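Remarks on the structure that follows.
The values are calculated or read from the model by the stated rules, or taken from the named source; none is laboratory data. Keep in mind it's a predicted model, so treat the numbers as computed, not measured. All Cβ positions, even for glycine, are placed from backbone atoms using ideal geometry, and neighbour counts span all protein chains on display.
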Amino acid sequence: AQKITQTQPGMFVQEKEAVTLDCTYDTSDPSYGLFWYKQPSSGEMIFLIYQGSYDQQNATEGRYSLNFQKARKSANLVISASQLGDSAMYFCAMRENGNNRLAFGKGNQVVVIP
Amino acid sequence: DARVTQTPRDKVTEMGQEVTMRCQPILGHNTVFWYRQTMMQGLELLAYFRNRAPLDDSGMPKDRFSAEMPDATLATLKIQPSEPRDSAVYFCASGLVAGRYVTEAFFGQGTRLTVV
């Protein structure tokens, strides 16, 4: 069963605007963690941000923030003031079940246009 | 600048040959993951180690794949014999488990494997 769902089609975003990438997850484990990664066309996987299920506040890292809505099982990534270099695939991943496996979604494609 | 180092970056091999991919995790990290990425399947976990012990290799085809950590600075993924369907990008990632869980995991640049 799909644990992480990322279903948005490819997105075009105007430079300097904010973009929200959707991620919903499925777990019955009360303790879990959510990760976001960026994969530019060069192919590397870049860790962006982490949110633990017990964290009281939404995680933020520079221009990245995570809109964590636990009841809705949603962990959307918000990129503020997008830049041309933000063009990439973005992957949401979840750690659950008392271990450290990361299960990844299929990704969201973002293209930032000037 | 701490990073995960993978070698080789690219590998083209003939079907039936042995392939060995190497990973040097970030110094001090105690958890190592091997992932495979294909267009069809996305990112799949093959194996992961904690403190050099294999904790989960259920995602790995056992008949041809093997993963080891001979020491804390080296993880290897071996395919023998290789098949065209093994063509993919193989990523190694490392993380630090403080307490029970990893809260960040850093990926290497991957090994692009092509089996012809």
Task: Leading residue by the ranking (farthest from the other protein chains (Cβ to nearest Cβ)) among those in the range B:20-30 that are within 12 Å of the chain's Cα centre (by Cα) and surrounded by fewer than 20 Cβ atoms within 10 Å (Cβ to Cβ) - done: B:Thr20
- [ ] Test B:Ser58 against the criterion of being under 29 Å from A:Tyr32 (Cα atoms), of a type outside the set (Val, Ile, Thr) and assigned to a loop (DSSP other than H, G, I, E, B), and give yes or no.
- [x] yes
Open item on the list: Step by step: first the residues of the range B:96-115, then only those that are more than 7 Å from chain A (Cβ to nearest Cβ) and of a type outside the set (S, T, N, Q), then the one that is surrounded by the fewest Cβ atoms within 10 Å (Cβ to Cβ). Which residue is that?
Closed with: B:Gly99
Task: Odd one out for B:Ala47, checked against (1) closer than 22 Å to A:Cys92 by Cα; (2) surrounded by 13 or more Cβ atoms within 10 Å (Cβ to Cβ); (3) over 10 Å from the mean Cα position of the chain (by Cα) - done: (3)
- [ ] Within the range B:78-116, count every residue that is farther than 13 Å from B:Pro25 by Cβ, at pLDDT 95 or above and part of a strand (DSSP E or B).
- [x] 10
Task: Qualifying positions in the range B:83-93 - touching a Gly at 6+ places or on another chain (Cβ under 9 Å), crowded, with 17+ Cβ neighbours inside 10 Å and more than 11 Å from every other protein chain (Cβ to nearest Cβ) - done: B:Tyr90
TODO: Scan the range A:95-114 residue by residue and report those that are within 12 Å of chain B (Cβ to nearest Cβ) and outside any loop (DSSP other than H, G, I, E, B).
DONE: A:Arg95, A:Leu102, A:Ala103, A:Phe104
Open item on the list: Given the options B:Ala98, B:Ala47, B:Ala75, name the one that is free of Cβ contacts under 8 Å to residues at least 60 places away in the same chain, small (Gly, Ala, Ser) and touching an Asp or Glu at 6+ places or on another chain (Cβ under 6 Å).
Closed with: B:Ala47
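Please tell me if A:Ser41 is within 14 Å of chain B (Cβ to nearest Cβ), among the polar types (S, T, N, Q) and surrounded by fewer than 19 Cβ atoms within 10 Å (Cβ to Cβ).
yes
When only residues in the range B:31-44 that are of a type in the set (Val, Ile, Thr) and buried (at least 18 other Cβ atoms within 10 Å of the Cβ) count, which is nearest to the chain's Cα centre (by Cα)?
Of everything passing the filter in the range B:31-44, B:Val32 is nearest to the chain's Cα centre (by Cα).
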Open item on the list: B:Thr7 - would you say it is touching a residue at least 60 places away in the same chain (Cβ under 8 Å), surrounded by fewer than 19 Cβ atoms within 10 Å (Cβ to Cβ), under 12 Å from the mean Cα position of the chain (by Cα) and over 16 Å from B:Val102 (Cβ atoms)?
Closed with: yes
- [ ] Could you check, for the range B:57-66, whether at least one of its residues is within 14 Å of chain A (Cβ to nearest Cβ), of a type in the set (A, V, I, L, M, F, W, C), closer than 21 Å to A:Tyr90 by Cβ and in contact (Cβ under 8 Å) with a residue 12 or more places away in the chain?
- [x] no
Task: The lone exception for B:Phe33 - which of (1) under 18 Å from B:Ala67 (Cβ atoms); (2) without any contact (Cβ under 8 Å) to a residue 24 or more places away in the chain it fails - done: (2)
Task: Residue match in the range A:57-79 (condition: more than 24 Å from B:Thr38 (Cα to Cα) and within 11 Å of another protein chain (Cβ to nearest Cβ)) - done: yes
Open item on the list: Being of a type outside the set (S, T, N, Q) and not in a strand (DSSP E or B) narrows it down to one residue among B:Met15, B:Met21; which is it?
Closed with: B:Met15
